[in-house]
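> Provided herewith is a single structure, encoded as structure tokens, for subsequent inquiry.
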């Protein structure tokens, strides 16, 4: 059984994961408006992935005889100064998610909650991949610069994600 403290923290993370999904869906709309369908598709795939993460936590709380308490999801940012600033926001956001997962893990250690530590190990590994991918995209976007042809080539790289 989950402690009340751990249950509350996991419920907060469920909300964070749904916010992440909402943020990526907003980014997808932003890239669609810029006629960058590859980046829009990448963000849409991230949206689906974040929803899966939220449901993984949702199911875990229920499996541990906890009570899921859904909260209001904050409105995400809708505009960025440039495609690069949107990608930089992805990296910044993923670093924040990593910090949140690390805090959850520290709480699980403090409470000797070994089952939650095991679950969170999966999330920690996932965040290494998320940050790696986001950093790669930021670096590629910086290399692409603002040249339209290079931007289109960069954007085309994302059209195969999820296929």
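The values are calculated or read from the model by the stated rules, or taken from the named source; none is laboratory data. The structure displayed is predicted, hence computed values, not measured ones. Here the Cβ is made from the backbone with ideal geometry for all residues, glycine too, and neighbour counts use every protein chain on show.
> What number of residues in segment 31-43 are without any contact (Cβ under 8 Å) to a residue 60 or more places away in the chain and surrounded by fewer than 20 Cβ atoms within 10 Å (Cβ to Cβ)?
Going through segment 31-43 one residue at a time, the tally reaches 4.
> For the subset of segment 1-39 comprising residues that are assigned to a loop (DSSP other than H, G, I, E, B) and over 21 Å from residue 100 (Cα atoms), which member is modelled with the lowest pLDDT?
Going through the qualifying residues, I end up with 1.
> Could you tell me which residue of segment 90-106 is nearest to residue 5 (Cα to Cα), considering only residues that are crowded, with 19+ Cβ neighbours inside 10 Å and in contact (Cβ under 8 Å) with a residue 60 or more places away in the chain?
Taking the candidates together, the pick is 104.
> Pick from 139, 131: which is farther than 16 Å from residue 13 by Cα and in contact with a helix residue (DSSP H, G or I) (Cβ under 6 Å, 6 or more places away or on another chain)?
131
> Right, here's the next one. Among the residues of segment 84-97, is any in contact with a helix residue (DSSP H, G or I) (Cβ under 6 Å, 6 or more places away or on another chain), farther than 15 Å from residue 39 by Cβ, modelled with pLDDT of 95 or more and not in a helix (DSSP H, G or I)?
For segment 84-97, residues in contact with a helix residue (DSSP H, G or I) (Cβ under 6 Å, 6 or more places away or on another chain), farther than 15 Å from residue 39 by Cβ, modelled with pLDDT of 95 or more and not in a helix (DSSP H, G or I): absent.
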